[in-house]
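**Q** Dropping the structure in here first, questions after.
The values are calculated or read from the model by the stated rules, or taken from the named source; none is laboratory data. As the structure is a computational prediction, the values presented were derived from the model and not from experiment. Cβ atoms come from the backbone with ideal geometry, glycine included; neighbour counts cover every protein chain shown.
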């Protein structure tokens, strides 16, 4: 195998995941004795590099390393590539789940002799890659828009819109008198839809629900206001009471609805005291 063939095998058969072979099988006969792969931090032996690539193949099942340009000067080969992949697991300290991919440029400088790699100096734009893989952070406006839409749909009884804005892992947290059938926490979208909302709807009728103040920061919104309700079982209407609400948004959906109210006033009306 000549130098150019060895380089193509390096990228197409060892760095890029394929069904024909494995990184160790490809690279073992191509690495000269004493081979070192060095980057901005430390260096790796041939064995360490092969072990890292075997790990990458498991972590990034669609890993591709595609040369865009190969320059040659005597025994030196400079390869500019585009590396792409969708990690699923802990990747350089970032938890990933196979839903986000990276697309970065890489530069490698290889020293070659008789179809074997003597050394490699490499540089990857992982700063860009890490940003691409980081979980999305909601802006305060996005959070408030989602929370307002959910609150508006709930006030109008638009169940389909509410369901579309609920995260599968949503938690509905209510505190108060445990004898009230809707006191939580209720964990998961299914539990909220099947148990909490029917119990709450059958026992409490909202007469007044007015937010006085609202603000958001990052993925959290907060509301403060006044409320009046009617307890169905006792036919008793509450006095006006204050409430506070903390809402968290993830991936454009409500993942936490944390409700704080005058639980004494609600309990008094429920038990008709």
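**Q** Could you list, in sequence order, all residues of the range 169-195 that are in contact with a helix residue (DSSP H, G or I) (Cβ under 9 Å, 6 or more places away or on another chain) and under 14 Å from residue 248 (Cβ atoms)? Steps first, answer last, please.
**A** If we filter the range 169-195 for residues that are in contact with a helix residue (DSSP H, G or I) (Cβ under 9 Å, 6 or more places away or on another chain), which is where we start, we get 169-172, 174-177, 179-184, 186, 189, 193.
The answer is 169, 170, 171, 172.
**Q** Based on what the data block shows, is residue 145 part of a strand (DSSP E or B), at pLDDT 90 or above, surrounded by fewer than 17 Cβ atoms within 10 Å (Cβ to Cβ) and outside the structural domain of residue 93 (by TED's automatic domain parsing)?
**A** Numbers: part of a strand (DSSP E or B): no; at pLDDT 90 or above: yes; surrounded by fewer than 17 Cβ atoms within 10 Å (Cβ to Cβ): yes; outside the structural domain of residue 93 (by TED's automatic domain parsing): yes.
Taking the combined requirement at face value, the residue does not satisfy it.
**Q** Hey, among the residues in the range 1-49 that are part of a loop (DSSP other than H, G, I, E, B) and in contact (Cβ under 8 Å) with a residue 40 or more places away in the chain, which one's nearest to residue 62 (Cα to Cα)?
**A** Step one: list which residues in the range 1-49 are part of a loop (DSSP other than H, G, I, E, B), which gives 1-2, 16-22, 39-42.
Filter once more, keeping what is in contact (Cβ under 8 Å) with a residue 40 or more places away in the chain: 1-2, 16-17, 39-40.
Numbers: 1: 27, 2: 28, 16: 8, 17: 6, 39: 23, 40: 25 Å.
Top of the filtered list is 17.
**Q** Another question about this same structure. Scanning for something part of a loop (DSSP other than H, G, I, E, B), in contact with a strand residue (DSSP E or B) (Cβ under 8 Å, 6 or more places away or on another chain) and either surrounded by 16 or more Cβ atoms within 10 Å (Cβ to Cβ) or assigned by TED's automatic domain parsing to the domain that holds residue 16 (or both), does the range 105-117 turn up at least one residue? Can you show your working first?
**A** Going through the range 105-117, the residues part of a loop (DSSP other than H, G, I, E, B) turn out to be 114-115.
Remaining after also requiring in contact with a strand residue (DSSP E or B) (Cβ under 8 Å, 6 or more places away or on another chain): none.
The answer is no; no qualifying residue exists.
Residues are listed down the side, and each one gets a yes or a no for (1) in contact with a strand residue (DSSP E or B) (Cβ under 7 Å, 6 or more places away or on another chain); (2) farther than 16 Å from residue 242 by Cα; (3) surrounded by fewer than 17 Cβ atoms within 10 Å (Cβ to Cβ):
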{"site": "178", "(1), (2), (3)": "no, yes, yes"}
{"site": "186", "(1), (2), (3)": "yes, yes, no"}
{"site": "191", "(1), (2), (3)": "no, yes, yes"}
{"site": "195", "(1), (2), (3)": "yes, yes, yes"}
{"site": "212", "(1), (2), (3)": "yes, no, yes"}
{"site": "215", "(1), (2), (3)": "yes, yes, yes"}
{"site": "224", "(1), (2), (3)": "yes, no, yes"}
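**Q** Output the residues belonging to the range 214-242 that are assigned to a strand (DSSP E or B) and closer than 19 Å to residue 170 by Cβ. Spell out how you get there, then give the answer.
**A** Going residue by residue through the range 214-242, those that are assigned to a strand (DSSP E or B) are 214-217, 220-231, 236-237, 241-242.
Those that are assigned to a strand (DSSP E or B) and closer than 19 Å to residue 170 by Cβ: 216, 220, 221, 222, 223.
**Q** While we're looking at this one, here's another question. Could you give every pair whose Cβ atoms fall below 8 Å, whose first residue belongs to the range 132-150 and is at positive phi, and whose second residue is at pLDDT 90 or above and surrounded by 16 or more Cβ atoms within 10 Å (Cβ to Cβ), counting only separations of at least 6 or pairs across chains?
**A** From residues that are at positive phi, there are no pairs.
**Q** Given the options 194, 175, name the one that is outside the structural domain of residue 80 (by TED's automatic domain parsing) and free of Cβ contacts under 8 Å to residues at least 24 places away in the same chain.
**A** On the way: 175 fails: free of Cβ contacts under 8 Å to residues at least 24 places away in the same chain.
Criteria check complete, one pass: 194.
**Q** Please tell me if residue 188 is at pLDDT 90 or above and on the phi > 0 side of the Ramachandran plot. Before you say what the answer is, go through the steps one by one.
**A** Details: at pLDDT 90 or above: yes; on the phi > 0 side of the Ramachandran plot: yes.
Spelling it out, residue 188 is indeed at pLDDT 90 or above and on the phi > 0 side of the Ramachandran plot.
**Q** Let me ask something else. Select, from 67, 61, the only residue that is in the same structural domain as residue 127 (by TED's automatic domain parsing), touching a helix residue (DSSP H, G or I) at 6+ places or on another chain (Cβ under 6 Å) and surrounded by 13 or more Cβ atoms within 10 Å (Cβ to Cβ).
**A** On the way: 61 fails: touching a helix residue (DSSP H, G or I) at 6+ places or on another chain (Cβ under 6 Å).
Sole residue among the options that is in the same structural domain as residue 127 (by TED's automatic domain parsing), touching a helix residue (DSSP H, G or I) at 6+ places or on another chain (Cβ under 6 Å) and surrounded by 13 or more Cβ atoms within 10 Å (Cβ to Cβ): 67.
**Q** Any idea which of 98, 129 is at pLDDT below 95 and surrounded by fewer than 16 Cβ atoms within 10 Å (Cβ to Cβ)?
**A** Exactly one residue qualifies, and that residue is 98.
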